[in-house]
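Please read the structure below before turning to the comments.
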Amino acid sequence: MNIKLSIALLFLVCISNAQPQVLDRVVAIVGKNPLLLSEIETNLIQQKEKKELAENARCKIFEDLLFQKLLLAQADRDSITATDAEVDGELDRRIQYYVGMLGSEEKFEAFYNKRISVFKDELRDDVRNQLLAQKCSKK
């Protein structure tokens, strides 16, 4: 048997035996904004860390995130924007808060095991969405 054909058959057997694994799941869509199960779980973990976990926490988190997605959809319809300067300012404010709690930028980076610039890049879209939702709710 040809070696290439053998490798191809082995690959197909491996793929057919592999179990599909769900990494995340869309639980709702508001406008063009999906709400992921991971967003709910992340918020639930954050509340557990703060010891603020109510009996109906999962439902409350789901409701709050749906409302934020609704505000985000409305902000899109109303052409409300958040400038890069606004987003950067909010990111800087948040980073400085955490740096102040931890004592230094080095301790912050050690605690989160990433550079501040990477941390900001990861949060940028979420912060922009939060600012848009805030602007829409004040309108």
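A compact table of results
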| read-out | value |
| --- | --- |
| Kirkwood Rh (inverse of mean 1/r, distinct Cα pairs), segment 38-129, angstrom | 15.2 |
| Neighbour-count ranking [beta-carbon atoms within 10 angstrom, fewest first] of ASP76, ASP64 | ASP64, ASP76 |
| Of ALA73, PHE111, PHE62, farthest towards positive along the dipole that unit charges on Lys, Arg, Asp, Glu beta carbons give segment 62-130 | PHE111 |
| Positive minus negative residues near VAL27 (Lys, Arg vs Asp, Glu; Cβ under 15 Å) | -1 |
| Shape call, segment 63-107: gyration tensor on alpha carbons, a/c limit 1.5 | oblate |
| Pairs from LYS48/LYS69; LYS50/LYS114; LYS32/LYS138; LYS114/LYS135 whose Cα-Cα separation, in the structure shown, is over 27 Å | LYS114/LYS135 |
| In nm, spacing of pseudo-spin labels at ASP84 and GLN46 (7 Å Cα→C-beta vector) | 2.5 |
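Computed from the coordinates by the stated procedures, all read-outs in this text should not be read as laboratory data. Note that the coordinates shown come from a computational prediction; the quantities given were computed from them, not determined experimentally. We place every Cβ from the backbone using ideal geometry, glycine too, and count neighbours over all the protein chains shown.
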